[in-house]
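Before any comments, here is the structure.
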Amino acid sequence: MKKRMWLGVAGGAAIGLFVGLMASNTPLRAQMKGQVETEPVATADEFRSHVIHQPDLPETVLQPGATSRLVTGEQSMISFLTMHAHTYFAPHHHPQEQIMIVLDGSCDEIIDGKIYHVKPGDVIVLPPNLVHGAYMGNEDVHVIDVFGEVRSDYLLKMEQTMVDMNLKLNKK
């Protein structure tokens, strides 16, 4: 019993130390003892070519009651999705595999005609062409959707958002 308690205390301390290092404002490279950095630091242009600050992405309306900040690569897409309270996603399907990570809030996912109540920390894997949808309750739900291929319908909506933003900027 004592050994298990000490293992729990030691494990908790190790996790606390790791989380403390990750949450500190000290860069990871400065936290590593005995490691010598041999790589040059990326220039500002190089940084911008690979790193996107997610909150700076424009919100794209996917359907009434649902907005997303979309990121596309050559072969995949990520959607930082907010589904507002009392929103309904009608059952649908698409050829892209979808992995949904619930960050905040809960909802009732419709998967192949059955209800699955999901909450923060749940990960839903939806194979290509599986019929799915969702009911939102009294709270907003925040998820990250990862698509194995770029969704052309979302890409069109994202491009229209950019056109609308440019039109607004040009009117000023």
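Since every read-out is calculated from the coordinates, none of them should be taken as a lab result. What you are looking at is a predicted structure, and each value in this text was computed from that prediction instead of being measured. Virtual Cβ from ideal backbone geometry, glycine too; neighbours counted across all protein chains shown.
Distances between placed amide hydrogens fall under 5 Å for T60 paired with S68, R69, L70, all partners being 5 or more residues away or on another chain. Each residue of region 78-86 was assigned a 3J(HN,Hα) from its phi angle through the Karplus expression (A = 6.51, B = -1.76, C = 1.60, θ = phi - 60°), giving 10, 10, 8, 9, 10, 10, 6, 3, 6 Hz with x at Gly and Pro. Is region 70-138 rounded, prolate or oblate when judged by the Cα gyration tensor, a ≥ b ≥ c being the square roots of its eigenvalues, rounded requiring a/c under 1.5 and prolate requiring a/b larger than b/c? Because a/c hits 1.5 or more and a/b fails to exceed b/c, region 70-138 counts as oblate.
In this structure, the amide hydrogen of D140, modeled 1.01 Å from its nitrogen in the peptide plane, lies closer than 5 angstrom to those of A85, counting only residues at least 5 positions away or on a different chain. Counted residue by residue at 0.36 nm each, then reduced by the alpha carbon distance between them, the extension gain from H117 to A85 reaches 10.0 nm.
Note that region 119-133 has calculated 3J(HN,Hα) couplings of 9, x, x, 6, 10, 10, 10, 10, x, x, 6, 7, 6, 8, x Hz, one per residue in order, obtained from phi through the Karplus relation 6.51 cos²θ - 1.76 cosθ + 1.60 (θ = phi - 60°); glycine and proline are x. Ordering H53, H94, H86 by the number of other Cβ atoms within 10 Å of each residue's own Cβ, fewest first, gives H53, H86, H94. Just subtract the alpha-carbon distance of D104 and V71 from 0.36 nm times their residue separation and send over the number in nm, one decimal. Using 0.36 nm per residue and subtracting the Cα-Cα distance, I get 9.9 nm.
Structural descriptor for region 58-171: relative contact order 33 percent, calculated from alpha carbon pairs under 8 angstrom and at least 6 residues apart.
Of the residues I110, I52, the one with the fewest other Cβ atoms within 10 Å heads the list, and the complete ranking is I52, I110.
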